[in-house]
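Everything below concerns the one structure shown next.
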Amino acid sequence: MVGIICANGNALPPCFVFPRVRFDEARMMKGAPLGCKGLVHPSGWMTSSNFLYVLQHFVSHTRCSQEHKVLLIMDNHKSHLSIDAINYAKENGIVLLTLPPHTSNKLQPLDKSVYGPFKTFFNQGLNAWMLQHPGQCATIYDMAPLMSSAWDRAATPVNIKAGFRSTGVHPFDIGVFSEEDFGGAFVTDRPMANSSQQSTSHEPDHARQQVQATSPDYEHPSESQSAMVPGIAMGVSPEVSMSTSTSEQPRRVC
């Protein structure tokens, strides 16, 4: 699902990516509210070609143009950065701005205050569905109404504005981050290896040199790479509209 939110508290109808080759609107979008967009891909993940349809969905609801430009902030997933998508954005007044890698947990409004409640409400809706359909398994044809209901409960003006405010995107505030937030990541660091067993005073000098030469020399590894989840978040300021994106996902797409 691709979620799209605006800094003034509004939310656009979401887009769904189904893990199928052919799109069956009658079954896949049954129960989904009007305005939602359905897409398909065998993997169920966002692709460059499908993201172009997301941009078209975005333009149809925001009415952006060269005279009324919109700032779209999104994750820098490769599916968001195709030449066709960039050209389409330029032609329709969309100013693209991507988040630096590994910063969506701090800078993505959807991740901060919308997707958490969304997952909670979706799980509640799925539990209720299973109680009403004992012995049955939920399929992709049940996802649109379940996710749409959870989206309506999570993407409220209060949650949306809180997400933009907590990230400092809107209102713009560089003071929301402390010095520690700009420090290096130590999640993947390994402790320094203990020194090799110290040779006793009775060991010859050449034996000590051999032990020292064979002891491992560890370096701090770089931050591990992680897949970005596509997603979109949109915001509006008095001058221009502002938006941001994450295709995670519940696959993300923020």
Practice prompt. May I ask you to give the average projected area over all directions of the convex hull of the Cα atoms of segment 49-121, in nm² rounded to one decimal?
Written response: 5.6 nm²
Worksheet item: Where in segment 1-60 are there trypsin sites (Lys or Arg not before Pro) that are in a DSSP coil and have at most 16 other Cβ atoms within 10 angstrom of their Cβ?
Response: R20, R22, K30
Discussion item. Just want the answer: with Cβ charges of +1 for Lys and Arg and -1 for Asp and Glu, which residue in S48, V114, S104 is farthest toward the dipole's positive end in segment 37-114?
Written reply: V114
Fill in: Principal axes of segment 117-189: Cα extent on each, largest first, Å
53, 37, 17
Practice prompt. Report, in debye and to the nearest 20, how large the dipole of segment 1-148 comes out about its Cα centre when Lys and Arg carry +1 and Asp and Glu carry -1 on their Cβ.
Written response: 100 debye
Worksheet item: Sorted from largest down, what three extents in whole angstroms do the Cα atoms of segment 1-114 have along their principal axes?
Response: 36, 33, 30
Worksheet item: Over the Cα atoms of segment 21-70, how large are the radius of gyration and the largest Cα-Cα distance (Dmax), in Å?
Response: 13.2, 39
Worksheet, complete the sentence: Computed about the Cα centre, the charge dipole of segment 57-143 from +1 Lys/Arg and -1 Asp/Glu charges at the Cβ has a magnitude in debye, to the nearest 20, of 220 debye
Worksheet item: R0 = 41 Å: FRET efficiency of S178 with Y88, Cβ-based, nearest 0.05?
Response: 0.60
Worksheet item: Taking the Cα atoms of segment 65-171, what is the range of coordinates along each of the three principal axes, in descending order and whole Å?
Response: 52, 31, 29
Worksheet, complete the sentence: In segment 33-168, taking the dipole from +1 charges on Lys and Arg beta carbons and -1 charges on Asp and Glu beta carbons about the Cα centre, the listed residue (A138, S60, G93) farthest towards the positive end is G93
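Every number in this text was worked out from the coordinates using simple rules, so none of it is lab data. Quick caveat: nothing in here was measured; it's all calculated off a predicted structure. Positions of Cβ are generated from backbone atoms using ideal geometry, with glycine treated the same way; all protein chains shown enter the neighbour counts.
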